[in-house]
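Visitor: Below: one structure in structure tokens.
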Amino acid sequence: MATFILLTRLSPEAVSTPKFVDKLEKKVSDRIRKHCPEVKWIGSYSVLGPYDYVDIFEAPDGESATKVSLLVRSFGQAVTETWVATPWDRFVALAKEAAE
């Protein structure tokens, strides 16, 4: 499985009350579990900067990761950006292969 990083920026409406954020997170999590059972959630972090959250998950392919991103955005409360993450050891091996 590939590792993906999901960056999420919430709309101002989504953060108007702390309870709303908690309810939204539960709805999103439930929908992802239902529609993407093959996805393994690694962790979620609140961050400072241009995004509000960073989520890390494993998915079998880019299409599954895209589905996760679409599900997060389907509530109309967030903008997302998704990155594929390559483990460092694999990155080094790829770099060596490219140098040959």
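Visitor: Taking the Cα centre as origin and putting +1 on Lys and Arg beta-carbons and -1 on Asp and Glu beta-carbons, what dipole magnitude results for the chain, to the nearest 20 debye?
Guide: With only Lys, Arg, Asp and Glu charged at Cβ, the dipole is about 480 debye.
Visitor: With a probe of 1.4 Å, find how much accessible area the chain has per residue, and write the answer as a whole number in Å².
Guide: 68
Visitor: Also: Working with all protein chains in place, sort 83, 41 by solvent-accessible area computed with a 1.4 Å probe, largest first.
Guide: 83, 41
Visitor: Rounded to the nearest 500, what is the chain's calculated 222 nm mean residue ellipticity when only DSSP H runs of at least 4 contribute -39500 (n - 2.57) each, over all residues?
Guide: Roughly -13500 deg cm²/dmol at 222 nm, from the helical runs in the chain.
Visitor: With the contact rule set at Cα under 8 Å and sequence spacing of 6 or more, what percent relative contact order holds for the chain?
Guide: Averaging sequence separation for qualifying contacts and normalising by length gives 43 percent for the chain.
Visitor: In a GNM of the chain with a 10 Å cut-off on Cα contacts, which of 66, 82, 17 has the highest mean-square fluctuation?
Guide: Taking springs between Cα atoms under 10 Å, the residue moving most is 17.
Visitor: Give the accessible area for residue 91 in Å² (nearest 10); use a 1.4 Å probe, count only protein heavy atoms, and leave out ligands, DNA and RNA.
Guide: Accessible area, nearest 10 Å²: 100 Å².
Visitor: Okay, next question. Could you pull the accessible area for residue 55 with a 1.4 Å probe, rounded to 10 Å²?
Guide: Roll a 1.4 Å probe over it and residue 55 shows about 20 Å².
Visitor: Using a 1.4 Å probe over the heavy atoms of the protein chains, calculate the carbon and sulfur portion of the accessible area of the chain as a whole percent.
Guide: Carbon and sulfur together cover 59 percent of it.
Visitor: A further question follows. Could you give the nm distance between label points at residue 61 and residue 20, where each point is 7 Å from its Cα heading toward the beta carbon?
Guide: Here the modelled spin labels are 3.8 nm apart.
Visitor: Under 18 Å between C-alpha atoms is the cut-off here; go through the chain and count lysine pairs that meet it, provided they're at least eight residues apart or on different chains.
Guide: The result is 9.
Visitor: Additional query: Considering segment 14-100, what Rg and Dmax in Å follow from its alpha-carbon atoms?
Guide: 15.8, 56
Visitor: Shifting gears a bit: So how much slack lies between residue 1 and residue 88, counting 0.36 nm per residue of separation and subtracting their Cα-Cα distance, in nm?
Guide: Computed gain between residue 1 and residue 88 is 29.8 nm.
Visitor: Using a Gaussian network model of the chain whose springs link C-alpha atoms within less than 10 Å, name the residue from 24, 70, 48 with the highest mean-square fluctuation.
Guide: So, out of 24, 70, 48, the one fluctuating most is 48.
Visitor: Of 6, 17, 56, whose Cα points farthest to the positive end of the dipole of the chain (charges on the beta-carbon: +1 Lys, Arg; -1 Asp, Glu; origin at the Cα centre)?
Guide: 17
Visitor: Here's a follow-up. What distance in nm separates the simple spin-label points at residue 75 and residue 99, each placed 7 Å from Cα in the Cβ direction?
Guide: Distance between the two pseudo-spin positions: 4.6 nm.
Visitor: Once the Cα atoms of helix 62-73 and of the chain are each reduced to a long axis, what angle between those two axes, in degrees from 0 to 90 to the nearest 10, is obtained?
Guide: 20
The values are calculated or read from the model by the stated rules, or taken from the named source; none is laboratory data. Remember, predicted model here, so these are calculated numbers, not experimental data. As a convention, Cβ positions derive from the backbone with ideal geometry for all residues, glycine included, and neighbour counts pool all protein chains shown. Just the protein is used for accessible areas: all its heavy atoms, side chains included, with ligands, DNA and RNA removed. Shrake-Rupley method; radii C 1.70, N 1.55, O 1.52, S 1.80 Å.
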